[in-house]
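Everything on this sheet refers to the single structure shown next.
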Amino acid sequence: MDEADKEIQQNKEAVKQDAKGLWQSLKSFVVELLDFRADTDREITIDHIKNDIPFKGATAWILICSIFVASIGLNANSTAVVIGAMLISPLMGPILGMGMSIAINDIDTLKKSLINLTTMIVLSLVTAYLFFKFFPLGSQETSELLGRTQPDIRDVLIAFFGGLALIIARTKKGTIASVIFGVAIATALMPPLCTAGYGLANGNIKYFLGAMNLFTINTIFIALATFIVLKVLRFPMIKYANSKKRRRVAQLASLAAIVVMIYPTITFLRVLKNSGFERDYTNFLKTEIEPNNELWFQKGLLDADKKTITLYFNGEIAEATEADLRNEVKRYDNIGDFDLKVNGNKNRSFDKISDAYDRAINDLDEKDNIISGLQNEIENLQNEIASLNEKDNSFSFSIISKDAKIQFQELESFGFSKMLMSNDFRTIDTINVASVQWKETLNDSVIKERDIQLINWLKQQIKADTIVLKKD
């Protein structure tokens, strides 16, 4: 091998070493960036979580207050008020305690966490029930309430990743309070409990079960995230001097971990499946139904349990169109085996709708002609009234009212009319009636003086001997 080949080989080796060094540097940077184990304080984390589990005294009253605030926010449909209730809620403590106790085989802490969480749930439901039962506007359904009755895949992901963020913040030296507040808002433990209380107060079991399902999802996935993080961080397991008790505790902890894993797995798969149904159904409507204006589409219903899709149209649907829609549904993976039901309205076919439209236009034209004739009659009557005002034996009300306002600045309103009256029910007299309203700032004595002045002035203007003054 000559010198040139040796130099080329050395350059290749140098490039490989540089590339290897760059890869190692990048790998070290990423590992250092994402590794949070070195910044973990295990003992303090366990102490803080245990201290947040007890539920009595001030904590109970804080929970009651937060439930009232959340219930008012849901009833008023105010997102800001609901967020405020989440920030003061103490529900997170027992949930983190459940996840931690299973991760470190602490059965005593697990019992304490379950007892306190159950107490919190019962107290929250009772408080929300009383609010929605006896508050005058408690029966109003709002979007904030209805949004907590049907969990979907997003609620599962929010609960899990929110729980991860929460426990990571808890294990860090110097807890990040802003993260804890953010998780409290995102996972939204309070609103589902308030919605469940609303369902109980109004006898709506569907709302109650849906809201409790959402609360259960949030609770278990937060506890599951806590369990996973503490296992990754290798928190020390509690050791018992009695070997028999140690085995029993380990078995109970393992059983609890398995039970905790079963429900989230089933829930995640079920919600994921329902989300697939909704996604394909929405795409089917947008792609096959809505762009076709001739179909006169009214509404559609998706029933995932019965595997049916029902479409309602305002016109008659041809058999060929119905067959085409059935074939198009089969193209979608999640709803391909659903039974498509098409309901058309034969009494409102396209031709009949067109005829109805023409009749409506004719009716409008006829009504326009009637309105035009009435307007002409009104104008003639107005002209006749104006001519009567110009006669010598009468006077112009517009002129007299303007003069009255000039003479009496305190006038708020002025009216004048001639009224027929009979004292013996045989003869009829005509009397002049003036209707006035003075400014409210005038006192009674000034008003009485103005009344006399106005009557005397009117007598001169209209050449009348008697004028009756009427107060508005």
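The values are calculated or read from the model by the stated rules, or taken from the named source; none is laboratory data. This structure is a prediction, so every number in the text was calculated from the model and none was measured. Cβ placement follows ideal geometry from the backbone for every residue including glycine, while neighbour counts extend to all protein chains displayed. These area figures cover heavy atoms from the full protein model, side chains too; ligands, DNA and RNA do not enter into them. Shrake-Rupley method; radii C 1.70, N 1.55, O 1.52, S 1.80 Å.
Solvent-accessible area per residue for segment 44-99 at a 1.4 Å probe radius, Å²? Show your work: numbers first, answer last.
Values: 2290 Å² over 56 residues.
With all protein chains present, segment 44-99 gives 41 Å² per residue.
Starting from the Cα-Cα distance between LEU381 and ILE289, subtract it from 0.36 nm times their residue separation and give me the gain in nm to one decimal. Provide the component values of the computation, followed by the final result.
Numbers: separation 92, 0.36 × 92 = 33.12 nm, distance 5.67 nm.
Stretched out fully, the LEU381 to ILE289 stretch lengthens by 27.5 nm.
According to the square roots a ≥ b ≥ c of the eigenvalues of the Cα gyration tensor, what is the shape class of segment 42-92, taking rounded for a/c under 1.5, prolate for a/b larger than b/c otherwise, and oblate for the remainder? All intermediate terms of the calculation are to be shown ahead of the outcome.
On the way: a/c = 5.16, a/b = 2.17, b/c = 2.38.
Note, shape of segment 42-92 comes out oblate.
Given the whole protein assembly as supplied and a 1.4 Å probe, what does the accessible area of SER435 come to in Å², nearest 10?
About 20 Å², ignoring ligands and nucleic acids.
Could you calculate the contour length gain from PHE134 to ASP324, that is, 0.36 nm times the residue separation minus the distance between their Cα atoms, to one decimal place in nm?
Values: separation 190, 0.36 × 190 = 68.40 nm, distance 5.38 nm.
The PHE134-ASP324 span can extend by a further 63.0 nm.
Net charge near ASP303: determine it from the other residues with C-beta under 11 Å of the C-beta of ASP303, scoring Lys and Arg +1 and Asp and Glu -1. It would help to have the intermediate numbers written out before the result.
Details: positive: LYS306, LYS307, LYS341; negative: ASP305, ASP339.
Overall, the nearby charge balance is +1.
Please list, in chain and number order, the residues 5+ apart from PHE416 or on another chain whose amide H is under 5 Å from its amide H, with Hs placed from the backbone.
Under 5 Å from the amide H of PHE416 lie the amide H atoms of SER435, each far enough along the sequence or on another chain.
Quick one: of LYS206/LYS330; LYS286/LYS341; LYS56/LYS206; LYS50/LYS112; LYS112/LYS133; LYS418/LYS470, which pairs are farther than 21 Å apart, Cα to Cα?
Listed pairs above 21 Å: LYS206/LYS330; LYS56/LYS206; LYS112/LYS133.
At 7 Å along Cα-to-Cβ for each site, give me the label-to-label distance between LEU233 and ILE115 in nm.
2.6 nm
Going by average Cβ density within 10 Å per residue, which order do the peptides 302-309, 192-199 take, highest to lowest?
On the way: 302-309: 14.4, 192-199: 28.2.
Descending packing order for the listed peptides: 192-199, 302-309.
In nm, what is the difference between 0.36 nm times the number of residues separating SER78 and LYS463 and their Cα-Cα distance?
Value of the extension gain: 131.9 nm.
For the peptides 418-425, 160-167, what is the packing order when you average, over each peptide's residues, the other Cβ atoms within 10 Å and list the highest mean first?
On the way: 418-425: 8.6, 160-167: 22.0.
Per-residue Cβ counts within 10 Å, averaged per peptide and sorted highest first, yield 160-167, 418-425.
By average Cβ neighbour count within 10 Å, what is the ranking of 56-65, 124-133 from highest down? Write down the numbers at each step before the final one.
Values: 56-65: 12.9, 124-133: 20.6.
Packing proxy ranking, top to bottom: 124-133, 56-65.
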